[in-house]
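The values are calculated or read from the model by the stated rules, or taken from the named source; none is laboratory data. Everything numeric here is computed off the predicted structure, so don't read it as measured data. In this analysis, Cβ positions are derived from the backbone assuming ideal geometry, glycine residues included, and neighbour counts consider all displayed protein chains. Ligands, DNA and RNA are excluded from the accessible area calculation, which covers all protein heavy atoms including side chains. Shrake-Rupley method; radii C 1.70, N 1.55, O 1.52, S 1.80 Å.
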Amino acid sequence: MTSNNDMQHVTRTTMLPYGQQWLDDDDITAVIKVLKGDFITQGPAILDFENKVATYVGAKYSVAFTNGTAALHAACFAAGIGQGDEVITTPITFLASSNCVLYQDATPIFVDIDPNTYNIDPAKIEEHINSDTKAIIAVDFTGQPVEIDRISQIAKQHNLVLIQDAAHSLGADYADRKIGAWADMTMFSFHPVKHVTTGEGGVIVTDNEHYYRKLIQFRSHGMTKDPDELLKDEGPWYYEMQSLGYNYRMTDMQAALGASQMNKLDSFVHRRREIVEKYNEAFADLPGLILPYQHPNAHSSWHLYVTRWLPEYFDATRKDIFEDLRDLNIGVHVHYIPVYLQPYYQELGYAKGLCPIAEQYYSTAITLPMFPKMTDQDIDDVINAVKSVYSHRIKKEI
Ligand SMILES: *Cc1c(COP(=O)(O)O)cnc(C)c1O
């Protein structure tokens, strides 16, 4: 068969997205129940959802926010990050992981990634620590946990606050302990492409009561009515604003949806792992195509399946290959452009070449569609499309 015939072999009539939510009748019933009840915000569904997340990951406290970005902002506030502080993070992440540092007038410091896991390289963290360093924001890219044991050790040694951006890794574990039970504060996102959704939503979990109280205040204007926190008491109406907070509150409709979705988290993760096994098997013997490496201590919950196409093997650029796949209605994506290469960060003075491994990674990466609601036919469509583009574009040996 010629490569042209290969290309025509794969025909999808609709674009397969790279990620998508999975809602069922239970979810819809849970939201309607809230809509028919007394509270649509600041009601009991919030605490119920928060407790569900805390219990699942094995953390003491849990605070829900309007979205994961607001949750990260709150974590930076609670950690006491402010002007003059430096915060270490990775460039291969979504913008929010470092924007939250800028919100607090502090400086993100980008440390290069490990070439295998694509997560921050623990061996490179210490050389960036100085007397201004306040915290580390470690990101579990694709759902594979960072080497959180090593990073915790470094944070302890240097008295840094460790925040884990676990937007990708709800349901993952490291050394048999759930993500959410490791860092000082851990953030989960509930955007529709993430493991479970509330539409928009975020949660911080922590074991630390001081952080917990700060997070609660920050979510609601820096305001408190808690008798343990009030500086004085003028009467039953009395409330006090003790810091500059925001309105970052989640609604009860969202929380009810989140609580209902949490019931399905394990089955969602199971399905993602099944898809990964199918991809891994199908693409095992394709030289030049790099599949996701897994650290032996990490047990990913698989938010993303990232492939890398090494340029020396192909008669085509990454862009060509990406466009071939899109032409076949496979909704591939690229995660991520190194954050500091964004024009806004360039204007702040971050130079190209800062993290060479991250830049090299970025130039070859293509994310394949993966979400639990994918049918077996969808999976086969992806596999056939990748194989067909691969055989069309691979350098032919003569
Ligand atoms: C999704 C995501 C966020 C932000 O979460 P939102 O809920 O969309 O605000 C932060 N970090 C990473 C790595 C993400 O993927």
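Below are the figures for this structure:
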| item | result |
| --- | --- |
| With all protein chains modelled, accessible area of Tyr344 [1.4 Å, Å²] | 150 |
| Per-selection Rg to Rh, the chain - Cα, Kirkwood hydrodynamic radius | 1.00 |
| Estimated distance in nm for a label pair at Glu347 and Ser267, the labels positioned 7 Å out from Cα along Cα-to-Cβ | 4.8 |
| Distance between modelled label sites at Thr375 and Asp24, nm, 7 Å Cα→Cβ extension | 1.8 |
| Most mobile of Pro292, Pro122, Pro227 in a GNM of the chain (Cα contacts under 10 Å) | Pro227 |
| Choice from Asn280, Asn263, Asn130 with maximal GNM fluctuation in the chain (Cα, 10 Å cutoff) | Asn130 |
| Positive minus negative residues near Tyr336 (Lys, Arg vs Asp, Glu; Cβ under 13 Å) | -2 |
| Long-range amide H partners of Asp85 with built H, under 5 Å | Thr107 |
| Cut-off 12 Å between beta-carbons: net charge of the residues surrounding Ala135, Lys and Arg +1, Asp and Glu -1 | -4 |
| Rounded to whole Hz, the Karplus (6.51, -1.76, 1.60) HN-Hα couplings of the range 186-195, x for glycine and proline | 10, 9, 10, 10, 10, 5, x, 7, 7, 4 |
| Accessible area, probe 1.4 Å, largest first, for residues Arg326, Arg272, Arg308, Arg177 | Arg177, Arg326, Arg308, Arg272 |
| For Glu274, solvent-accessible area (1.4 Å; no DNA, RNA or ligand), Å² | 70 |
| Candidates Leu231, Leu328, Leu291, ranked by Gaussian network fluctuation over the chain, Cα under 10 Å, top entry | Leu231 |
| Whole-Hz couplings from phi, Karplus 6.51/-1.76/1.60, listed for the range 45-60; x for Gly and Pro | 5, 5, 4, 4, 5, 4, 5, 5, 5, 4, 5, 4, 8, x, 10, 7 |
| Area accessible to solvent at Tyr362, 1.4 Å probe radius, in Å² | 60 |
| DSSP bridge pairs, the chain: antiparallel proportion in percent, nearest 5 | 65 |
